[in-house]
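These notes are about the structure you will find just below.
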Amino acid sequence: MTTSAGAQTQAAPAGGQPQEQAPQKMTIAKALNAGMRRAMEADPKVVLLGEDIGKLGGVFRITEGLQKDFGEDRVLDTPLAESGIMGTAVGLALRGYRPVVEIQFDGFVYPAFDQIVSQVAKMHYRSLGHLKLPMVIRIPYGGGIGAVEHHSESNEAYFAHTAGLRVVTAATAEDAYWMMQQAIASDDPVVFYEPKRRYHERGEILLGERAPYGLHDAVVRTQGTDVTLLAYGPMVKTAMIAAQAAETEGRSVEVIDLRSLSPLDVPTILQSVEKTGRAVVVHEAQTYLGMGSELAALIQQEAFYHLEAPVIRVGGYNIPYPPSRHEEVFLPDLDRILDAVDRSLAY
Amino acid sequence: MSDDVVAPVDTAAPATHEPPARDITDGGPDMVQFLDAEGHRVPVTEVNSPYAQYLEDVDGEMLRSLYRDLVLVRRVDAEGHALQRQGELGLWPSLLGQEAAQVGAGRAMRPQDYAFPGYREHGVAWCKGVDPVNLLGMFRGVNHGGWDSNENNFHLYTIVIGNQMLHATGYAMGVQKDGLVGTGDPDRDTAVMAFTGDGGTAQGDYNEALVFSAVAQSPVVFYVQNNHWAISEPNDRQFIIPPYQRARGFGIPGVRVDGNDVLASLAVTRAALDRARGGQGPTLIEAFTYRMGAHTTSDDPTKYRIAAEVDLWKKKDPIDRLRKHLVAEGLGDDEWFGAIDAEADDLAQRIRTACQQMPNPPHEEMFENVYVDEHPLVTRERDEFAAYQASFEED
């Protein structure tokens, strides 16, 4: 961890040479930090707001060192009030700033829900295009960390449901680094979901000048021919492990990392499903009216004659997020995904 | 807002004319006033003296122009009301009775100062130079906000009560970051105003805005028009401690001003804006006034308030008192007042015509400006919609 500061500096060359040849190994947490750092260096209008993001660097240390390097004027420790954070970020954006807001945990975004849905999402529309709100709302989400209530939720569907917002999530360090910069550069508000249980997993990043993918591209993580697994955020890794396990049983599973929940990369999804004829959607969120519902509807509508089996959803049960002693069975895991793959292939 | 109960406010005549139990027209000893209900200049007191300097430039011409604004704003409002009754607008929130509170505040602002209104701030919009016609679009249903906020530094109307208090606070924090506070240059130093009503003071966003602005010492003036009614709920359903007194608990100076006195509203707002621009932080102003009409054209105030209360406030009318003052000072005669009324008639005619001629937008336009950059779902549905519409045309 002590060398990471150097890595961050290299991640954000201030007009320096990109280091195409030397991929860096970095955790998702550090990659998010490096992405924000680089965006802040590139644009003085980028400001960070949130609770405990200054000296502490956030409860997950995602903003570690940024206040020290960019000053209290650009990394603001706010009062503890999420609507206040969101509403003042709207005002800053109206004044020409690009606020990056940290919501401390998924379950703490609800006090800001009104500002996000009524103001952030609708300001551009309401103003007939005169006003823009180039904001990023960062939300660490998902379970699997043994936390108390309100710290493990996957509430992405609320925001993906809301027109005017873009909703993305990173599953790898490389995506964390690049998608953060792309989200900050977006002139539309972006809700950026961070898979908190994967924060400390490492991945390789090519610190070039160009992002490998667009912000709203889905990416095929594992090629396969028998069934398509659609996953995002913390479930991508689980899905990839499931694909490996299936392979040992002679089943070829294609894993697609959706990356963007609004908009969806429809062509990439359909291309895969048309090839495999089968789709299983995996997410931590409760399935009822979740992303899986939308994906199932999309696939049956657009790829009906290619389907060999109904689209199957694997997700959280439709109960409140349970006490953490249950989360091992509440959250989709390898076995539940493989079970769904089996059921799909049984048709 | 879509209640079908409609009672014209101007003809409402409830049975009871019993006087209210207490005199809610009395703003108490802390209220800053310069012009009383009879149009007399109030002597200098301990309460109003700190603000007297902010009226030093108010000469006869200025008084006449304030009067003109009050009359024109009232006429804009009356026209909005009439257009709703004639079916041209779906809704109109009247500012009747609050003209002085709004014109005083609006005229105190400099061009670079930014205003964040609720949805009743037609008078502030007028002072900031927004064409009243542009206010009508959202109430006619042709748009959600028909003006470019940055042209006149007057933000779009905010309908969700209290949201805009935080926007103003954040905007003011941006002004601080821009280095446009306390430079000493009156043409550069910038302040922000946030408008809400007595009902708004109960909202979380309102209270969070006071906390955030106090902590950041941002250059924002919160202007609460206490018109005594949040739809059907009186002050005693909104707070125990009045807004101007609560400000102190947030670490913000609070002042109550006679909102029916345009001079006091002007002076107190000027003082607060000066503080803000000078880097001394936010101020909360409670403009003590009264909503003479209904909450909106969909409201029926005869169900919850008595006519005697309205009668009392009629005697405190903001325009009558300035007119009396102008007459007493020899600043206005029948001819001059008549000319202002004629100008108001012309304005009303222009607004009416423009409203009636405001076209329905083509339906394809509803897909525009959802996002700045292309969003495939919106594009797809827009195209599907266009094809669906076209399928009828071909028949």
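The values are calculated or read from the model by the stated rules, or taken from the named source; none is laboratory data. Since we're looking at a predicted model, the values are computed, not measured. Neighbour counts are summed over all protein chains in view; Cβ atoms, including those assigned to glycine, are modelled from backbone coordinates with ideal geometry. The protein model used for the area step is the full one, side chains on, heavy atoms only, and it has no ligands, DNA or RNA in it. Shrake-Rupley method; radii C 1.70, N 1.55, O 1.52, S 1.80 Å.
Points to keep in mind about this one:
- Segment A:43-99: GluC sites (Glu not before Pro) in DSSP loop, at most 11 other beta carbons within 10 Å: A:72
- Computed label-point distance, nm, for sites residue A:306 and residue B:240 using a 7 Å Cα→Cβ extension: 6.5 nm
- Cα centroids of segment B:172-206 and segment A:168-224: 36 Å apart.
- Per-pair calculated FRET efficiency, R0 = 30 Å: residue B:85 and residue B:342 via Cβ, rounded to 0.05: 0.80
- Shown here for segment A:212-257: GluC sites (Glu not before Pro) in loop regions (DSSP other than H, G, I, E, B) with at most 15 other Cβ atoms within 10 Å, namely A:249.
- Relative packing of peptides B:27-38, A:301-312, A:220-231, B:306-317 - highest average C-beta neighbours within 10 Å first: A:220-231, B:27-38, B:306-317, A:301-312
- Taking packing as the residue-averaged number of other Cβ atoms within 10 angstrom, the listed peptides A:257-263, A:325-331, B:355-361 run from highest to lowest as A:257-263, A:325-331, B:355-361.
- Value of relative contact order over chain A, rounded to a whole percent, pairs C-alpha under 8 Å and six or more apart: 16 percent
- Within chain B, the whole DSSP H helices whose Cα atoms reach 15 Å or more along their own axis and whose mean Kyte-Doolittle score is at least 0.0 are B:204-216, B:262-277.
- Per residue accessible area in Å² of chain A, where ligands, DNA and RNA are left out and the probe is 1.4 Å: 39 Å²
- Of the beta bridges in chain A, as assigned by DSSP with both residues counted there, near 25 percent are antiparallel.
- Chain B, relative contact order [Cα under 8 Å, separation at least 6], %: 25 percent
- Peptides ranked, highest mean first, by Cβ atoms within 10 Å: ranges B:218-226, B:113-121: B:218-226, B:113-121
- Between helix A:266-276 and chain A: long-axis angle, C-alpha atoms, 0 to 90°, nearest 10: 20 degrees
- Carbon and sulfur %, accessible surface of segment B:137-209 computed with the full protein complex present, 1.4 Å: 43 percent
- Between amide H atoms placed 1.01 Å from N, distances below 5 Å from residue A:225 occur with A:252, A:253, A:254, all of them 5 or more places distant or on a separate chain.
- In range of the label at residue A:326: residues from segment A:281-316 whose backbone nitrogen is under 17 Å from the point 7 Å along Cα→Cβ: A:284-288, A:315-316
- Shape category assigned to segment B:126-248 from the gyration tensor of Cα positions, a/c cut at 1.5: oblate
- For a straight C-alpha distance cut-off of 17 angstrom, the lysines reachable from residue B:314 (same-chain residues fewer than eight places away being disregarded) are B:324.
- Cα shape, segment A:50-166, gyration tensor, a/c 1.5 rule: oblate
- Among the residues of A:245-251, the average count of other protein chain beta-carbon atoms within 10 Å of the residue beta-carbon is 0.
- Shape category assigned to segment A:211-308 from the gyration tensor of Cα positions, a/c cut at 1.5: rounded
- Rounded to the nearest 100, the interface formed by chains A and B buries 3600 square angstrom of accessible surface, both chains summed, with a 1.4 Å probe.
- Here's how it looks for residue A:288: its modeled amide H is under 5 Å from none belonging to a residue 5 or more places away or on a different chain.
- Filtered GluC sites (Glu not before Pro), segment A:110-205: DSSP coil and at most 13 other beta carbons within 10 Å: A:149
- Mean separation of Cα contacts under 8 Å (6+ apart) over length of segment B:114-254, as relative contact order %: 23 percent
- For the residues of B:200-213, the average number of beta carbons from a partner chain within 10 Å of their own beta carbon is 4.
- Partner shielding of B:139-151 amounts to 3, given as the average count of beta-carbon atoms from other chains within 10 Å of each residue beta-carbon.
- Shielded residues, segment A:111-145 - accessible-area loss of 20 Å² or more between chain alone and all protein chains, probe 1.4 Å: A:114, A:115, A:119, A:123, A:124, A:125, A:126, A:128, A:130, A:131
- Amide H contacts of residue B:256 (H built 1.01 Å from N, in plane; Pro and chain starts excluded): B:32, B:286 sit under 5 Å, all sequence-distant by 5 or more or on other chains.
- Segment B:300-369 versus segment B:91-141: alpha-carbon centroid distance in Å: 12 Å
- Degrees, to the nearest 10: A:291-302 long Cα axis against longest axis of chain A: 60 degrees
- Euclidean distance of C-alpha centroids, segment B:208-229 and segment A:93-155, integer Å: 23 Å
- From phi via Karplus (6.51, -1.76, 1.60), per-residue ³J(HN,Hα) for segment B:39-45 in Hz, x at Gly/Pro: x, 8, 5, 6, x, 5, 10
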